[in-house]
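Enquirer: One structure is given below, represented as structure tokens, and several questions about it will come after.
The values are calculated or read from the model by the stated rules, or taken from the named source; none is laboratory data. As the structure is a prediction and not an experimental result, all values here were calculated from the model. Ideal geometry is used to build each Cβ from the backbone, glycine not excepted, and the neighbour counts take in all protein chains shown. We work out accessible area using only protein heavy atoms, side chains counted, and drop any ligands, DNA or RNA first. Shrake-Rupley method; radii C 1.70, N 1.55, O 1.52, S 1.80 Å.
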Amino acid sequence: MRKLLLLGMLAGVMTNITAAQRHVEGNPAGKVRVVAYEDLACSDCADFRKMLDEKLLPKYGGAVGFEHRDFPLAKHVWARKAAIAARFIEDTAGGEKGMRFRRDILASIKQVNTTGPDPWIAEWGTKNGVDPAKLVSAQEDKKYAGLVEKDFQDGVARGVSKTPTVFVEGVPFVETFTFEQVSKAIDEALAR
């Protein structure tokens, strides 16, 4: 009974988020979907991002959809603001620019921790053709905050508590894992 209730809650959360609100790299129509819950201030998420760019996307990008979901942890004080800024960029400047923001901020965690999120985000906006004042003010936008919160609650319903948590067809990989582990799970899913 409890399992059915949890599945029902998860289905309810998932139906409230449209496909347009998901950020997918690789093949969105691929028969295998990898779902990654990420925190944009998380060094382990930065390591996963590097693995994704250097190994997973080149090997599986044509056959697998890599879906990113926001899971900002409370211990990372600026992670939620960064996720909201990413949502604003995706909505106003397009998904590819939003993914560039996500890549760049994960690669710049130490710098953001030093300067603070607002100056880094404003500078990123200036360099990438996104109005920096609108980008910084969008971090208070309830619409984008709601989208981030939906992802977060979806993760909680799936038992996510650490980042990154990556699901390959339901099989979880949590925090630190190797390319070989994830690759094996993807290969098995593709073979089914």
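Enquirer: Restricting attention to the range 115-172, which residues are of a type in the set (Gly, Ala, Ser) and either farther than 30 Å from ARG192 by Cβ or over 18 Å from the mean Cα position of the chain (by Cα) (or both)?
Expert: Passing the criteria: GLY116, ALA122, GLY125, GLY129, ALA133, SER137, ALA138, ALA145, GLY146.
Enquirer: Looking at (1) open to solvent by 60 Å² or more (accessible area, probe 1.4 Å); (2) touching a residue at least 12 places away in the same chain (Cβ under 8 Å), find the lone condition where GLN111 falls short.
Expert: It is condition (2) that GLN111 fails.
Enquirer: Among the strands (runs of 3 or more DSSP E) lying completely within the range 1-89, list those that include at least 2 residues that are open to solvent by less than 10 Å² (accessible area, probe 1.4 Å), modelled with pLDDT of 95 or more and under 20 Å from LYS162 (Cβ atoms).
Expert: 32-38, 64-70
Enquirer: Considering only residues of the range 144-161 that are in contact (Cβ under 8 Å) with a residue 40 or more places away in the chain and not in a helix (DSSP H, G or I), which is least open to solvent (accessible area, probe 1.4 Å)?
Expert: To start, the set of residues in the range 144-161 that are in contact (Cβ under 8 Å) with a residue 40 or more places away in the chain comprises 144-145, 147-148, 150-155, 157-158, 160.
Remaining after also requiring not in a helix (DSSP H, G or I): 158, 160.
Working: ARG158: 72, VAL160: 11 Å².
The selected residue is VAL160.
Enquirer: Next question, about the same structure. Going by the conditions given, is VAL166 among the hydrophobic types (A, V, I, L, M, F, W, C), within 25 Å of TYR60 (Cα to Cα) and in contact with a Phe, Trp or Tyr (Cβ under 9 Å, 6 or more places away or on another chain)?
Expert: The answer is yes for VAL166.
Enquirer: While we're looking at this one, here's another question. Of the numbered conditions (1) over 26 Å from GLY30 (Cα atoms); (2) at pLDDT below 95; (3) of a type outside the set (Asp, Glu); (4) open to solvent by 50 Å² or more (accessible area, probe 1.4 Å), LYS127 fails exactly one; give the number of that condition.
Expert: Only one criterion in (1) over 26 Å from GLY30 (Cα atoms); (2) at pLDDT below 95; (3) of a type outside the set (Asp, Glu); (4) open to solvent by 50 Å² or more (accessible area, probe 1.4 Å) is unmet by LYS127, namely (2).
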